[in-house]
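Structure first, commentary second.
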Amino acid sequence: MTAFFSHPLVAIVLFIGILIFIHELGHFLVGKFFGIGVETFSVGFGPNIIRFTRKGTEYCLACLPLGGYVKFAGVLPTEEVPERFKGMEMYKASRLARFLTILAGPLANLLLATAIYTSFAYEGIEKTPSYVGQVLKGGAAEKAGFQVGDQVLSIDGEPIKTWDALRVKVADNFNKSLTFKVLRAGEELNLKIIPELSLDKNELGL
């Protein structure tokens, strides 16, 4: 099941579906707040997998969540309005109410994006720690004494906390002597190495 949801195509469809749902929900909630009648709240297209009516509003969820709409009652004065929505027509709402109802969709997506990026900033994005995952047999790293599982703490005195930082430091100093401070079984060791490329990888398995 996890593999299914992690498939790129499935993930994209679900992501778009969430964006559409939040967008339409923004229209829906603000319109309801101002007393505008909602005939239909629908997400997706194709055959409906969920469909029910509550308090006069029809709610639909179709099998492909790649579209959606909110049908407000009486958007135009010429429209026929169900009896239950008489007096709740959109065209009878104030200009401010109509403006905010229309604006609510994109604004909801903006708030969602803000919430997501704020959570990333608060929690941080997990990065791969600076552990040596590969040492090529007979290579410079093996000759220098590196072992799989060594944690690189610093290079030439510069603290290294992530695998990306290690890669950048090594990539900028090929064919130069570097002093690595590594942590192995609770013991700190200093290892000297001149990084060299081997095919498309260097000796530390970068």
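For Cα extents along the principal axes in Å, the listed values are (i) 85, 35, 30; (ii) 52, 45, 29; (iii) 56, 42, 32; which was obtained by calculation from the structure presented?
(i)
Multiply the residue gap between Val10 and Leu64 by 0.36 nm, knock off their C-alpha separation, and tell me the result in nm, one decimal place. Write out the running numbers ahead of the final one.
Values: separation 54, 0.36 × 54 = 19.44 nm, distance 1.07 nm.
Working it through step by step, the gained length comes to 18.4 nm.
Carbon-plus-sulfur fraction of the accessible area of the chain, 1.4 Å probe, in percent?
Within the chain, the accessible surface is 62 percent carbon and sulfur.
Would you mind computing, in nm to one decimal, how far apart the modelled labels at Glu79 and Lys127 are, each placed 7 Å from Cα along Cα→Cβ?
5.1 nm
Rounded to the nearest 0.05, what FRET efficiency do Lys161 and Ala185 give with R0 = 22 Å and r taken as the Cβ-Cβ distance? Could you check?
Working: r = 20 Å, r/R0 = 0.90.
Once the sixth-power term is evaluated, E becomes 0.65.
About its Cα centre, how strong a charge dipole does segment 42-186 have in debye, to the nearest 20, once Lys and Arg get +1 and Asp and Glu get -1 at the Cβ?
Values: 18 positive and 13 negative charges, 37 e Å.
Charge dipole of segment 42-186: 180 debye, to the nearest 20.
At 4 °C and 1.567 mPa s, what whole-number value in µm²/s does Stokes-Einstein give for the translational diffusion of segment 77-193, with Rh from the Kirkwood sum over Cα pairs?
Rounded to a whole number, D works out at 66 µm²/s.
Straight-line reach only, C-alpha to C-alpha below 16 angstrom: list the lysines that Lys192 could link to, leaving out same-chain residues fewer than 8 apart.
Lys143, Lys169, Lys176, Lys181
Could you give the DSSP H helices of the chain that reach 20 angstrom or more along their long axis (alpha carbon positions) and whose average Kyte-Doolittle hydropathy is no lower than -1.0?
Sorted by number, the helices that extend far enough and score high enough are 8-33, 95-123.
What order, most packed first, do the peptides 41-52, 108-119 have when packing is the mean number of other Cβ atoms within 10 Å of each residue?
On the way: 41-52: 14.7, 108-119: 12.6.
Going from most to least packed, we get 41-52, 108-119.
Would you mind getting the accessible area per residue of the chain, heavy atoms of the protein chains only, 1.4 Å probe, in Å²?
Working: 13230 Å² over 206 residues.
Averaged over the residues of the chain, the accessible area is 64 Å².
Charges on Cβ only, +1 for Lys and Arg, -1 for Asp and Glu, centred on the Cα centroid of the chain; of Thr162, Pro77, Pro65, which one is farthest towards the dipole's positive end?
Pro77
Taking only DSSP H segments of four or more residues, each worth -39500 (n - 2.57), what value at 222 nm results for the chain once the sum is divided by all its residues, to the nearest 500 deg cm²/dmol? Could the numbers behind the result be given before it?
Numbers: 5 runs with 74 residues, N = 206.
Result for the chain, helices only: -11500 deg cm²/dmol.
The values are calculated or read from the model by the stated rules, or taken from the named source; none is laboratory data. The structure displayed is predicted, hence computed values, not measured ones. Neighbour counts are summed over all protein chains in view; Cβ atoms, including those assigned to glycine, are modelled from backbone coordinates with ideal geometry. The protein model used for the area step is the full one, side chains on, heavy atoms only, and it has no ligands, DNA or RNA in it. Shrake-Rupley method; radii C 1.70, N 1.55, O 1.52, S 1.80 Å.
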